[in-house]
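Contents: one structure, followed by commentary.
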Amino acid sequence: PEQARELSLLLPRLFLQFFSATSPVLEDEDEGVRAFLVGFHAADNDREAYIHFVGVDPKLRGTGVARRLYEEFFRRAAEAGRREVRAITSPGNAGSIAFHRAMGFTFEGGDREVDGIPVSSDYDGPGQDRVCFRRPLAR
């Protein structure tokens, strides 16, 4: 419950209100929303898109749902002329790091390394270190 509350703080309503066109959702009639990806195109440049948050029903993990959501986001971003996608994760989230690498993301440099992975210290505030990724989009 505490972790769920902390995660919910990363997803304020404004993301759902203002980025629905760039945020794919998997729903079904019986169970509602099963998976989603919240992402958007950079407002300050026409080159980048950013994946902010991804949620997948634990029953669907390992079935390729997250991969399909990412691929749909990549497609939409490329159609909008974006050439690169960026994302971040926590240094301790080995599953997320492996997933992003498998999806073609490369590490951005950090100010230190943890287990050979570049980490940006205090990226999201004091003690909130992050691993930063970039992925080019096919043209």
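How much FRET efficiency would the formula 1/(1 + (r/R0)^6) give for residue 60 and residue 17, where r is the Cβ-Cβ distance and R0 is 25 Å, rounded to 0.05? Can you show the working numbers first?
Details: r = 25 Å, r/R0 = 1.01.
Efficiency at R0 = 25 Å is approximately 0.50.
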* To do: Per DSSP H run of at least 4 residues, take -39500 (n - 2.57); add these up for the chain, divide by its residues and hand me the 222 nm value, nearest 500 deg cm²/dmol.
  => -7500 deg cm²/dmol
* Asked: Which GluC sites (Glu not before Pro) in the stretch 82-139 pass both tests, a DSSP loop state and at most 15 other beta-carbon atoms within 10 Å?
  -> 108
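Working out 0.36 nm times the residue gap between residue 75 and residue 44, then minus their Cα-Cα distance, what length gain in nm do you get to one decimal? Let's see the in-between values first.
Values: separation 31, 0.36 × 31 = 11.16 nm, distance 2.04 nm.
That works out to 9.1 nm of additional length.
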* **the stretch 77-139 and the stretch 18-69: distance between their alpha carbon centers, rounded to Å** => 17
* **Solvent-accessible area per residue for the chain (1.4 angstrom probe, square angstrom)** => 61
* Mind ranking 114-127, 29-42 by how tightly packed they are, going by the mean number of other C-beta atoms within 10 angstrom, highest first? => 29-42, 114-127
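Summing Lys, Arg as +1 and Asp, Glu as -1, what charge do residues with Cβ under 14 Å from the Cβ of residue 61 carry, residue 61 excluded? Working shown, then result.
On the way: positive: 34, 59, 67, 68; negative: 57.
Overall, the nearby charge balance is +3.
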* Roll a 1.4 angstrom probe over the protein heavy atoms and tell me the percent of accessible area of the stretch 13-139 that is carbon or sulfur. => 49
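The values are calculated or read from the model by the stated rules, or taken from the named source; none is laboratory data. All values derive from a computational prediction rather than experimental measurement. For neighbour counting, all protein chains shown are included, and Cβ atoms are generated from backbone atoms with ideal geometry for every residue, glycine included. Note: areas computed on protein heavy atoms with side chains; ligands, DNA, RNA excluded. Shrake-Rupley method; radii C 1.70, N 1.55, O 1.52, S 1.80 Å.
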